[in-house]
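This structure is in structure tokens; I'll ask about it shortly.
The values are calculated or read from the model by the stated rules, or taken from the named source; none is laboratory data. Given the structure is predicted, the values throughout are model-derived calculations rather than measurements. Reconstructed Cβ throughout: ideal geometry from the backbone, glycine too, with neighbour counts over all protein chains shown.
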Amino acid sequence: MSLPKTTTAWILEGKDAEKGWDNLQLKKDQKIPELGEHDVLVQIQAVSLNYRDLAIPKGMYPLPLDLPRVACSDGAGNVLAVGKKATQFTVGDKVVTQFNQGHQAGPVTSAALATGLGGALDGTLRQYAVFPESGLALAPSNLTPTEAGTLTCAALTAWNALYGLESKALKPGNTVLTQGTGGVSLAAIQFAKAAGATVIATTSSDEKAKRLESLGADVVLNYKKDTNWGETAKRLSPGKMGVDHIVEVGGPGTMSQSLQAIKLEGVISVIGFLGGPKSEDEPSTLAALSSGCIIRGVLIGSKAQLIDMNRAIDANNIHPIVDERKFGFDDVHEAYQYQWEQKNFGKVVIHLGRLE
């Protein structure tokens with residue numbers, strides 16, 4: 001069979017806040033790069049959205065970009081061809097993308113941070129793409145392409161939060177606190193329960209609370225009804241000692257409550273800033289001293305962590321939470337707006353082939 005020479009792709013042309021999603025343009029007949037000796041040609045089947053993907057065209061993303069670029073970082077697909085010296089994959093393998101293509105193992109470096117898909121490098125929102133074999137990992141065998149397409153960013157970030165600091169890696173019997181119903185938080189709940197941990201989750205509605213409980217959350221706190229949910233979480237933790245791990249997605253707006261909930265020498269993994277970049281209640285750096293905890297920023301994760309996570313997903317038969325609404329390749333603007341309006345529960349996935 002002849003291999004494709006061109007692809008249709010969604011190109012992120014700028015970060016003009018007034019243009020919004022119009023910064024994303026569908027372009028046909030984009031040339032596919034020649035397959036290098038260590039490269040892999042992938043037919044992309046599913047792409048999921050992250051908050052970062054929305055922040056870029058809205059002009060809200062704080063890190064350096066190199067535009068125009070093919071949008072998005074997350075993707076799952078099928079290997080169509082491999083370079084002459086490629087050894088990690090064969091034709092027909094199911095693969096997922098590595099977010100920072102240069103982050104292979106160990107601590108992330110500034111050079112690796114400059115290799116992010118959908119910002120510094122061309123991303124996944126295209127029918128066909130060539131990646132170095134170092135920039136891919138085998139997908140878990142128990143997942144559909146739709147599910148596997150959610151792993152690159154949110155799931156790996158959750159895994160890194162719970163296991164990335166090896167001296168404080170999640171253990172059975174630990175307590176984990178998650179915030180909200182975004183992709184990172186939902187994945188953290190699944191990983192924590194698979195590890196034998198207790199989960200305390202926060203949310204803004206009773207309806208979402210029921211869904212979190214169905215995923216295995218042991219305690220769900222409505223932060224709109226209980227504004228001191230940090231103290232409540234600590235009181236409900238074993239021995240009232242506080243929680244071992246907090247997956248902090250709110251940022252400055254929720255950090256003061258997280259510090260109330262954390263156990264002495266526990267870990268607060270800072271993931272995002274959904275509560276805004278600043279807050280009047282933002283604690284000082286001395287709060288980490290008085291709480292005796294570690295506050296750690298998490299920048300996605302390495303390929304080695306991605307491989308470990310995928311093996312754990314396979315072994316425990318974990319299935320990522322995907323939003324019930326389905327979007328096709330022509331529905332990208334609608335998908336972005338849907339997630340922007342926070343209508344989703346679970347990952348928003350764009351299907352590049354037949355809707356599953």
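Return yes or no: is S256 touching a Lys or Arg at 6+ places or on another chain (Cβ under 7 Å) and not assigned by TED's automatic domain parsing to the domain that holds P320?
No; evaluated as a whole, the condition is false for this residue.
For the stretch 171-180, which residues satisfy the criterion of being surrounded by fewer than 24 Cβ atoms within 10 Å (Cβ to Cβ) and either at pLDDT 95 or above or of a type in the set (S, T, N, Q) (or both)?
Passing the criteria: K171, P172, G173, N174.
From the list F99, F89, F131, pick out the single residue that is under 27 Å from Q190 (Cα atoms), at pLDDT 95 or above and of a type in the set (F, W, Y).
Going through F99, F89, F131 in turn, the sole match is F99.
Do you know which residues across the stretch 159-193 are in contact (Cβ under 8 Å) with a residue 24 or more places away in the chain and closer than 19 Å to A304 by Cβ?
W159, N160, A161, L162, Y163, G164, L165, K168, L170, A187, F191
With the requirement that a residue be within 15 Å of G266 (Cα to Cα) and buried (at least 19 other Cβ atoms within 10 Å of the Cβ), what does the stretch 232-251 give you?
Selection gives A233, K234, S237, G242, V243, D244, H245, I246, V247, E248.
In the stretch 295-337, what residues are of a type in the set (V, I, T) and touching a Ser or Thr at 6+ places or on another chain (Cβ under 9 Å)?
Within the stretch 295-337, I295, V298, I300, I321, V322 qualify.
So, one more: For W21, only one of the following conditions fails: (1) outside any loop (DSSP other than H, G, I, E, B); (2) touching a helix residue (DSSP H, G or I) at 6+ places or on another chain (Cβ under 8 Å); (3) within 26 Å of A137 (Cβ to Cβ). What is its number?
The single condition W21 does not satisfy is (3).
I'm trying to understand the selection: among the residues of the stretch 216-238, which are assigned to a helix (DSSP H, G or I) and at pLDDT 95 or above?
W229, G230, E231, T232, A233, K234, R235, L236
I want to confirm something. Restricting to the stretch 77-129 and keeping residues that are in contact with a Phe, Trp or Tyr (Cβ under 8 Å, 6 or more places away or on another chain) and assigned to a strand (DSSP E or B), which single residue is nearest to T150 (Cα to Cα)?
Restricting to residues being in contact with a Phe, Trp or Tyr (Cβ under 8 Å, 6 or more places away or on another chain) and assigned to a strand (DSSP E or B), the top hit is T97.
Considering each of D66, D74, D53 in turn, give the residue that is in a helix (DSSP H, G or I) and on the phi < 0 side of the Ramachandran plot.
Going through D66, D74, D53 in turn, the sole match is D53.
Exactly one of (1) surrounded by fewer than 23 Cβ atoms within 10 Å (Cβ to Cβ); (2) touching a residue at least 12 places away in the same chain (Cβ under 8 Å); (3) of a type in the set (S, T, N, Q) is unmet by S214. Its number?
S214 satisfies every listed condition except (2).
Would you please name the residue that is surrounded by the most Cβ atoms within 10 Å (Cβ to Cβ), looking only at residues in the stretch 52-61 that are closer than 16 Å to I300 by Cα and either polar (S, T, N, Q) or in contact (Cβ under 8 Å) with a residue 60 or more places away in the chain (or both)?
Residue satisfying both the conditions and the ranking: D53.
Let me ask something additional. What number goes with the only condition from (1) at pLDDT below 95; (2) polar (S, T, N, Q); (3) within 16 Å of T181 (Cβ to Cβ) that T202 does not pass?
Status for T202: all satisfied but (1).
Suppose we filter the stretch 318-350 for residues that are buried (at least 20 other Cβ atoms within 10 Å of the Cβ) and polar (S, T, N, Q); how many remain?
The number of residues fulfilling the criteria is 2.
Continuing with this model, one more query. Helices (runs of 4 or more DSSP H) wholly in the stretch 139-211 with at least 1 residues that are among the small types (G, A, S), at negative phi and not assigned by TED's automatic domain parsing to the domain that holds V108 - which ones?
156-163, 183-194
How many residues does the stretch 1-46 contain that are surrounded by 12 or more Cβ atoms within 10 Å (Cβ to Cβ), in contact with a Gly (Cβ under 7 Å, 6 or more places away or on another chain) and at pLDDT below 95?
2
Okay, moving on. Within the stretch 1-23, track down each residue that is closer than 18 Å to Y128 by Cα and in contact (Cβ under 8 Å) with a residue 24 or more places away in the chain.
Hits for the stretch 1-23 are L3, P4, K5, T6, T7, T8, A9, W10, I11, L12.
Kindly evaluate H333 against the criterion of being modelled with pLDDT of 95 or more and assigned to a loop (DSSP other than H, G, I, E, B).
Judged against the criteria, H333 is not a match.
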